[in-house]
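Visitor: Input: one structure, supplied below.
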Amino acid sequence: MGLNKKSVDDINVKGLRTLVRCDFNVPLKEGKITDENRLVAALPTIKKLIADGGKVILCSHLGKPKGEPKPELSLAPVAVRLSELLGQEVKFAADPEVVGPNAKAAVEAMKDGEVVLLENTRYRVEETKNGEAFSKELASLADVFVNDAFGTAHRAHCSNVGVTQYVDTAVVGYLMQKEIDFLGNAVETPVRPFVAILGGAKVADKLNVISNLLEKCDTLIIGGGMAYTFLKAKGYEVGTSLVDDEKIAYCKEMMEKAEKLGKKLLLPIDTTIAAEFPSPIDAPIEVEVVPSNEIPADKMGLDIGTKTAELYADAVKSAKTVVWNGPMGVFENPILAKGTIAVAKSLAETDATTIIGGGDSAAAVNQLGFGDKMSHISTGGGASLEFLEGKELPGVAAANDK
Ligand code: AMP
């Protein structure tokens with residue numbers, strides 16, 4: 001796909017009211033931001049627009065206030081931290097209507113190079129329905145619109161899609177551009193061999209990703225809970241492992257597709273089993289590793305086994321491009337995180353371009369301290385998955401073409 005969209009580099013916003021849709025959906029604990037990666041990721045675009053001399057109006061959603069003001073989901077703490085990170089005041093336009101009298105007054109008072117942050121866009125019930133009135137209100141604040149929120153790019157909401165209909169200029173920011181460049185190049189014009197690794201709980205969540213990546217990659221590696229539906233499709237006993245019986249036929253179809261296309265489809269050759277799912281999830285648990293075709297009927301597979309971890313690490317070693325989405329096992333439990341850690345380590349050690357689809361695999365990589373060893377860690381779990389499915393993201397499509 002690549003990026004054929006206008007970006008902030010194609011415009012100069014001097015003196016212009018510039019509305020920037022950011023992804024400030026950060027985790028909060030008692031009003032404190034516990035992970036500020038998304039704020040840091042937004043800085044390059046904001047700094048560029050300040051340097052241009054624009055009036056920079058930031059907006060974002062935070063959590064799920066479901067269309068009404070919820071004080072605990074106010075963006076006020078983000079304005080405070082962002083001011084510190086930018087080294088310049090980010091004025092918070094507290095306003096239960098988001099674009100109400102307070103916000104309008106704050107924007108009116110702006111001088112060139114100043115920054116205002118609007119309240120949580122999801123305080124408005126129309127936001128997630130892409131309602132016309134709120135889209136127009138947002139647009140009324142702005143001469144130019146910049147979308148830098150990759151995390152919501154797979155949704156058509158007022159603040160990332162609706163608003164673009166009522167402004168003349170809509171471009172993407174640096175973060176969005178980076179996401180699309182990395183994911184787009186990996187999928188459309190990968191340096192080969194291209195290895196895709198998919199894990200996580202359910203096959204059903206990743207049907208289109210599996211099918212699309214099989215066409216694009218050279219080797220598709222499957223781990224996590226979704227592997228057991230494949231193993232059952234091969235005719236193996238999988239005990240009480242997570243299986244989606246309705247998707248067995250689909251898994252067979254994918255294995256046939258791989259064969260027909262001459263692609264390698266790697267499944268676990270051994271698996272880490274236990275008597276039951278750990279409860280709580282990080283509780284100590286007794287495990288053993290068995291070949292994948294020897295899972296006892298009363299045991300469940302909760303991680304890839306040691307030989308599989310080696311097999312997958314070897315496949316990564318010979319790759320030039322690797323895309324990874326989804327853990328190899330119940331990585332929340334240290335005893336069942338070994339497969340996920342082994343894969344993360346193999347990615348950290350390779351010179352290949354390594355791209356981590358957001359969500360759990362991004363969290364795992366960061367927790368293990370391998371974050372800076374990856375070429376790109378996506379900031380959007382759902383959005384990066386839809387990208388890997390080959391879908392056009394409405395938030396990207398809405399920006400002006402070059
Ligand atoms: P997803 O949200 O689809 O990326 O899946 C992530 C979840 O899958 C994590 O919470 C893991 O604990 C879970 N998971 C990974 N492997 C297994 C497995 N073998 N059985 C059950 N759950 C698993």
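The values are calculated or read from the model by the stated rules, or taken from the named source; none is laboratory data. No experiment lies behind these values; they were computed from the predicted model shown. Using ideal geometry, Cβ is built from the backbone for each residue, glycine included, and neighbour counts are taken over all protein chains shown. Ligands, DNA and RNA are stripped out before the accessible areas are found, and what is left, the full protein with its side chains, is counted by its heavy atoms. Shrake-Rupley method; radii C 1.70, N 1.55, O 1.52, S 1.80 Å.
Visitor: Before we move on, is ASP401 more than 24 Å from ASN37 (Cα to Cα) and in contact (Cβ under 8 Å) with a residue 40 or more places away in the chain?
Guide: yes
Visitor: Okay, moving on. Condition first: among the aliphatic types (A, V, I, L, M), more than 16 Å from THR306 (Cβ to Cβ), outside any strand (DSSP E or B) and in contact with a Leu (Cβ under 7 Å, 6 or more places away or on another chain). Now tell me which residues in segment 232-284 satisfy that.
Guide: The answer is VAL238, MET254, MET255, ALA258, LEU261.
Visitor: Cβ contacts < 8 Å: first residue of a type in the set (S, T, N, Q), restricted to segment 209-228; second residue within 16 Å of the ligand (Cβ to nearest atom) and open to solvent by less than 10 Å² (accessible area, probe 1.4 Å), any location; separation 6+ or different chain. Result?
Guide: Final answer for the pair search is ASN212/LEU388; THR219/ALA196.
Visitor: Restrict the check to segment 125-137 and report whether at least one residue is modelled with pLDDT under 95, in contact with a helix residue (DSSP H, G or I) (Cβ under 8 Å, 6 or more places away or on another chain) and open to solvent by less than 10 Å² (accessible area, probe 1.4 Å).
Guide: Let us first name the residues in segment 125-137 that are modelled with pLDDT under 95, namely none.
Scanning segment 125-137 turns up no residue that is modelled with pLDDT under 95, in contact with a helix residue (DSSP H, G or I) (Cβ under 8 Å, 6 or more places away or on another chain) and open to solvent by less than 10 Å² (accessible area, probe 1.4 Å).
Visitor: I want to confirm something. Restricting to segment 232-283 and keeping residues that are within 11 Å of the ligand (Cβ to nearest atom), in contact with a Gly (Cβ under 8 Å, 6 or more places away or on another chain) and β-branched (Val, Ile, Thr), which single residue is farthest from ALA337 (Cα to Cα)?
Guide: For segment 232-283, the residue satisfying everything is VAL238.
Visitor: Considering LEU213, LEU231, LEU220, LEU207, which residue is out of contact with any Asp or Glu (no Cβ under 7 Å at 6 or more places or on another chain), within 30 Å of SER7 (Cβ to Cβ) and of a type in the set (A, V, I, L, M)?
Guide: LEU213
Visitor: So, one more: May I ask you to list pairs of residues, at least six apart or on different chains, whose Cβ atoms are under 8 Å apart, with the first in segment 23-43 being more than 19 Å from HIS154 (Cβ to Cβ) and the second being assigned to a loop (DSSP other than H, G, I, E, B) and small (Gly, Ala, Ser)?
Guide: These pairs meet every condition: LEU28/GLY63.
Visitor: Here's something else I'd like to know. For GLU349, are the conditions met, namely being within 16 Å of the ligand (Cβ to nearest atom) and not aliphatic (A, V, I, L, M)? First the steps, then the outcome.
Guide: Details: within 16 Å of the ligand (Cβ to nearest atom): no; not aliphatic (A, V, I, L, M): yes.
No; evaluated as a whole, the condition is false for this residue.
Visitor: Cβ-Cβ distance below 7 Å, separation of 6 or more or different chains: which pairs start in segment 265-286 with a residue that is farther than 23 Å from LEU198 by Cα and end on one that is within 13 Å of the ligand (Cβ to nearest atom) and of a type in the set (D, E, K, R)?
Guide: What qualifies is ALA275/LYS299.
Visitor: How many residues are more than 10 Å from the ligand (Cβ to nearest atom) and under 16 Å from ILE248 (Cβ atoms) if we restrict to segment 193-207?
Guide: Residues that pass the stated criteria total 1.
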